[in-house]
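The values are calculated or read from the model by the stated rules, or taken from the named source; none is laboratory data. Since the model is a prediction, treat every value here as computed from it, not as a measurement. When we count neighbours, we look across all protein chains shown, and the Cβ atoms used for this are built from the backbone with ideal geometry, even at glycine. Side chains included, ligands, DNA and RNA excluded: accessible areas come from the protein's heavy atoms. Shrake-Rupley method; radii C 1.70, N 1.55, O 1.52, S 1.80 Å.
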Amino acid sequence: MLDDRAKLLLKALVERYIADGQPVGSRTLSRASGLELSPATIRNVMADLEELGLIASPHTSAGRIPTTRGYRLFVDTMLTVQRDPLTPPQLAPEQPQKVIANAAHLLSNLSQFVGVVMAPRRTSVFRHIEFLRLSERRFLVIIVSPEGDVQNRVIFTDVDYSQSQLVEAANFLNAHYAGLSMEQVRERLKSEVDMLRGEIASLMQAAVHVSSEALSQAQDEVVISGERNLLAVSDFSSDMGNLRRAFDLFEQKTQILRLLDISSQAEGVRIYIGGESQVVPFEELSIVSAPYEVDGRVVGTLGVIGPTRMPYDRMIQIVDITSKLVSNALSHRK
């Protein structure tokens, strides 16, 4: 455990390093902390912090910088979020895709880093379904979601169906199951299969399976804005390797999706510091994220990606406010 003096010095060191990006020496730390300590005492405390893995000494400087563990301790126990006046423009209640794109742009503008938003996770509900015969035992399933998105999937069946049988199956599904999720349709079909002719039932079960896959694959889109902002961050502009790895991360999107999906299961703002886990594999990057809701139900996540040396207090405020703006815009969309 750190004593109060060590905590104050670590807090002052992290805040100073975030502010100017330079390794912090004992003299600077003495002024920044406001503690009347001798340089020798401060050096002893810094040596203890270094031994604990909370700060490190770059080869080129006598000063110290925070490590991932140091940032984590700072964020979890020492960070105070100042509620400065922050009045971002309201997000108009438009189509979800436009709200998401505007939110990512807003996050990047306010933070001057990278804004990311995971599109709302929708239940796999269909509004309308059709079947089209392509060739023997090969059919096209056309699924229309409540939002008007259209997904097409080809299915192969053990038996052949005429176009009139396909129309009969589609009419039955649309009349009895439209508006239900695919999971609900699947459960209902299990209990109602005796009502249907065997061949029609098997066609519907195949259609439900492929439709569920199609609607789930249409989701999980990530909108990213402001990648070029990292070019102005000295931590990246001075190291092309760091910059390249960051842009690779944005291009692949898989890891960002995984992280945002984890974040949606937590309440409030979460901070992920680079190098702590495989979720954020780069020590140079941190992510501040928060879930957003539609009518009280969490449907997605948004956040800011920037250098580990970011002003976390301001990022928390930006992400928190933006998540509320997105929740409001999507909940009041007509």
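Selection of the stretch 266-286 for residues being closer than 14 Å to residue 115 by Cα and either among the polar types (S, T, N, Q) or at pLDDT 90 or above (or both) yields only 286. Please work out which one of (1) open to solvent by less than 50 Å² (accessible area, probe 1.4 Å); (2) farther than 30 Å from residue 110 by Cβ; (3) in contact with a helix residue (DSSP H, G or I) (Cβ under 8 Å, 6 or more places away or on another chain); (4) in a helix (DSSP H, G or I) is the condition residue 41 fails and give its number. Single failed check for residue 41: (3).
Scanning the stretch 168-183 for residues that are part of a helix (DSSP H, G or I), surrounded by 15 or more Cβ atoms within 10 Å (Cβ to Cβ) and either at pLDDT 75 or above or small (Gly, Ala, Ser) (or both) yields 168, 169, 170, 172, 173, 174, 177. Screening the stretch 223-263 for helices (runs of 4 or more DSSP H) wholly inside it with 2 or more residues that are assigned by the TED database to the domain that holds residue 104, exposed (fewer than 12 other Cβ atoms within 10 Å of the Cβ) and touching a Leu at 6+ places or on another chain (Cβ under 9 Å) returns no ranges. Reported count of residues in the stretch 9-31, each being assigned to a helix (DSSP H, G or I), closer than 22 Å to residue 315 by Cα and either of a type outside the set (Asp, Glu) or open to solvent by less than 50 Å² (accessible area, probe 1.4 Å) (or both), is 9. Scanning the stretch 299-326 for residues that are more than 16 Å from residue 101 (Cβ to Cβ), open to solvent by less than 20 Å² (accessible area, probe 1.4 Å) and more than 13 Å from the chain's Cα centre (by Cα) gives 306, 307, 308, 310, 312, 315, 317, 318.
Residues in the stretch 142-150: is at least one without any contact (Cβ under 8 Å) to a residue 60 or more places away in the chain and more than 31 Å from the chain's Cα centre (by Cα)?
Step one: filter the stretch 142-150 for residues without any contact (Cβ under 8 Å) to a residue 60 or more places away in the chain, giving 142, 144, 146-148, 150.
Among the residues that remain, those that are also more than 31 Å from the chain's Cα centre (by Cα) are: none.
The answer is no, given that none of the residues of the stretch 142-150 is without any contact (Cβ under 8 Å) to a residue 60 or more places away in the chain and more than 31 Å from the chain's Cα centre (by Cα).
Filtering the stretch 129-156 down to residues that are of a type in the set (Gly, Ala, Ser) and either closer than 18 Å to residue 179 by Cα or modelled with pLDDT under 80 (or both), which residue is least open to solvent (accessible area, probe 1.4 Å)?
So the residue we want is 145.
Here the stretch 117-128 is the region considered, the condition is being at pLDDT 75 or above and assigned to a strand (DSSP E or B), and the residue that is surrounded by the fewest Cβ atoms within 10 Å (Cβ to Cβ) is 128. Conditions first: (1) open to solvent by less than 10 Å² (accessible area, probe 1.4 Å); (2) polar (S, T, N, Q); (3) modelled with pLDDT under 90. Residue 289 passes all but one, so which condition is the exception? Result: residue 289 fails condition (3) only.
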